[in-house]
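The structure appears below as structure tokens.
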Amino acid sequence: MYYLRRGWAELKNEIFVLPSRTVVLLWVIALLVLPLVYHDAYLLRILTMTCIFAMFAASWDLLAGYTGQVNFGHALFFGAGAYTSGLMSQKLGVSPWITIWAGSAFATLVGWMVGYLCLRLRGSYLSLATLAFPLIVLGLLFAFPGFSGGELGISGLRRLALTPTQNYYIAAVAMLAVVFGLWLLADSKFGIVLHAVRDDEVAARASGINTPRYKLAVFAISAAAAGFAGALFAHYIRVAGPSTLEVALSFQVVIWGIFGGVASIYGPVAAVFLLYPLTEWLGSFEMIGELRLLIFAVIVLLVLLFMPRGLAPWVRDKIETQCPRCKQRNSAWKKLCRLCGAPLKADASQSKVPRAERLVGHQ
Amino acid sequence: MLAIVVLGGLGSMKGSLIGALIIGYVEAITVFALPAGAYLKGAVALLIMVAVLLARPEGLFGVAFEEER
């Protein structure tokens, strides 16, 4: 009973005070409860894919949003995970539960190598060089069809689980673990260093941060998450094909990242959870058919026109404000800061004071 | 196309010209000399681009411009 009350108090004080945290909690609960309430195989399939791509988008955001290494070839890591896991389970007959970790480990190695090669590049040169890597690998795969299956890929992989509900739970739990792991990492001291590397690498170096080491670490971590997603994807759809390395997938993840808002792990995840089911849903109408890409593009453009920083930061600014005194976040409908008691709407009360006085008075 | 311009260096006309010569010859030789060369054509061109970027991060004739801060 004591623990129940204690838990409720923690919940009330830590989570329900901020609308954004409440939204995240509701989202997690909804993800975990949904298949118990409503089990439609088609819906579960879409949500499983959404979970896998959410992992992928979050890993891109750690690399491109936080560290500023805008990677246009992120599908390389996805494909590395998918192909490694697929080849191992197909040729060696290892259980997919093990090969997924092997795929993730190999993707980490690939990410480290790509990061090592790209250390000196910056800006558009980095983006273009990373864009080249998946194309090189794709060419190699097509040139050796005996090993890689050529354009058809490796098909008939073993599944992780048999029923749609089990598959969904595997993907959802993996997604929650990876996304919250990346989120914790990005909010830690490590994440602050990454912000510094993105904003001004020279200054970060001058303050004694070993920027190459941080860049390599981020490339490896991001590739590990992406490779994990790729391996799950390969075993879910049971094919590890060239579509996991395509330029289209690389750009898809960039679109998700920018749409959701970069440098916030939750942004791209929210974007995937909106955009991926939306494209599937639009495709289900007869009369829309192939127009769905057009509609998709128009929605993305409109959202970016009115919310230039992305969807998630925009929504967060609408439902929350920052206390002018202690910089803590508060829900938008509060009058006083929940921690220091300072009035939140400072501008409204001061609007009668002349401007010069206001500038002097509040130092 | 992308490989050519990046190889020569963004913002350099001479670089694009020489990059085009290099990539053109290399692609033709790849298709001629290697088995399954038609698949490897793009891969080899991009590999050369990456190799050049490793040696000279701003391309062959690109200007190393300072980023504004």
**Report entry** Environment charge at A:HIS74 (Cβ cut-off 12 Å; Lys +1, Arg +1, Asp -1, Glu -1)
**Finding:** -2
Requested in this report: Using a 10 Å cut-off on Cβ to Cβ distances, tally the other chain neighbours for every residue of A:127-134 and report the average as a whole number.
Outcome: 5
Query raised in the report: Any idea what the relative contact order of chain A is, in percent, if you count C-alpha pairs under 8 Å spaced at least 6 apart?
Result: 27 percent
Requested in this report: Using only Cα atoms, find the angle between the long axis of helix A:211-237 and the longest principal axis of chain A, and express it within 0 to 90 degrees, rounded to the nearest 10.
Outcome: 60 degrees
**Report entry** Three-way shape call for the range A:125-179 based on the alpha-carbon gyration tensor, with the a/c threshold at 1.5
**Finding:** oblate
Requested in this report: For the range A:232-290, state which GluC sites (Glu not before Pro) are in a DSSP loop and have at most 16 other beta carbons lying within 10 Å of their beta carbon.
Outcome: A:GLU286
Requested in this report: Partner chain Cβ atoms within 10 Å, averaged over the residues of A:113-124 - can you pull that number for me?
Outcome: 3
Query raised in the report: What shape does the range A:244-330 take by its C-alpha gyration tensor, where a ≥ b ≥ c are the square roots of the eigenvalues and a/c under 1.5 counts as rounded, a/b above b/c as prolate, and the rest as oblate?
Result: prolate
Query raised in the report: What's the angle, to the nearest 10 degrees (0 to 90), between helix A:189-199's Cα axis and the longest principal axis of chain A?
Result: 90 degrees
Query raised in the report: Between the range A:265-319 and the range A:30-79, what is the C-alpha centre distance in whole Å?
Result: 14 Å
Report summary line: note: the protein assembly as shown, Cα-Cα separations exceeding 40 Å make up a percent value of 26 percent
Report task. With an 8 Å cut-off on Cα pairs and a minimum separation of 6 or more residues, tell me the relative contact order of the range A:203-304 in percent. Result -> 13 percent
**Report entry** Fewest-first sequence of A:PHE77, A:PHE133, A:PHE56, A:PHE180 by Cβ atoms within 10 Å of each Cβ
**Finding:** A:PHE180, A:PHE133, A:PHE56, A:PHE77
Report summary line: On the formula 1/(1 + (r/R0)^6), with r taken between the Cβ atoms of A:ARG309 and A:GLN166 and R0 of 45 Å, the FRET efficiency rounded to 0.05 is 0.70
Report task. Give me the net charge of A:GLY341's neighbourhood, meaning all other residues with Cβ under 12 Å from the Cβ of A:GLY341; Lys, Arg count +1, Asp, Glu -1. Result -> +4
Report task. Enumerate by residue number the chymotrypsin sites (Phe, Trp or Tyr not before Pro) in the range A:271-311 meeting two conditions: DSSP loop (anything except H, G, I, E, B), and at most 11 other Cβ atoms within 10 Å of the site's Cβ. Result -> A:PHE285
Query raised in the report: What is the calculated FRET efficiency for A:ASP40 to A:ALA203, with r their C-beta to C-beta distance and R₀ = 51 Å, to the nearest 0.05?
Result: 0.45
Requested in this report: Find out how many positive minus negative residues lie around A:ALA129, taking Lys and Arg as positive, Asp and Glu as negative, among other residues whose Cβ is under 15 Å from that of A:ALA129.
Outcome: +3
Report summary line: Note: probe point = Cα of A:CYS326 + 7 Å toward Cβ; backbone nitrogen < 13 Å; residues of the range A:2-42 passing the test are none
Report task. Let me know the shape class of the range A:194-340, please: from the alpha-carbon gyration tensor, a ≥ b ≥ c as square roots of the eigenvalues, rounded when a/c is under 1.5, otherwise prolate if a/b is greater than b/c, or oblate. Result -> oblate
Report task. For helix B:13-33, report the angle its Cα long axis makes with the longest principal axis of the Cα atoms of chain B; keep it between 0 and 90° and round to the nearest 10°. Result -> 20 degrees
**Report entry** Inter-chain shielding of A:140-147 (mean C-beta neighbours from other protein chains, 10 Å cut-off)
**Finding:** 3
Query raised in the report: Taking the alpha-carbon set of the range A:172-278, what are its Rg and Dmax in Å?
Result: 15.6, 49
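Taken together, the values in this text are just the output of simple stated rules run on the coordinates, not laboratory data. Just so it is clear, the model here is predicted, and its values are computed rather than measured. Ideal geometry is used to build each Cβ from the backbone, glycine not excepted, and the neighbour counts take in all protein chains shown.
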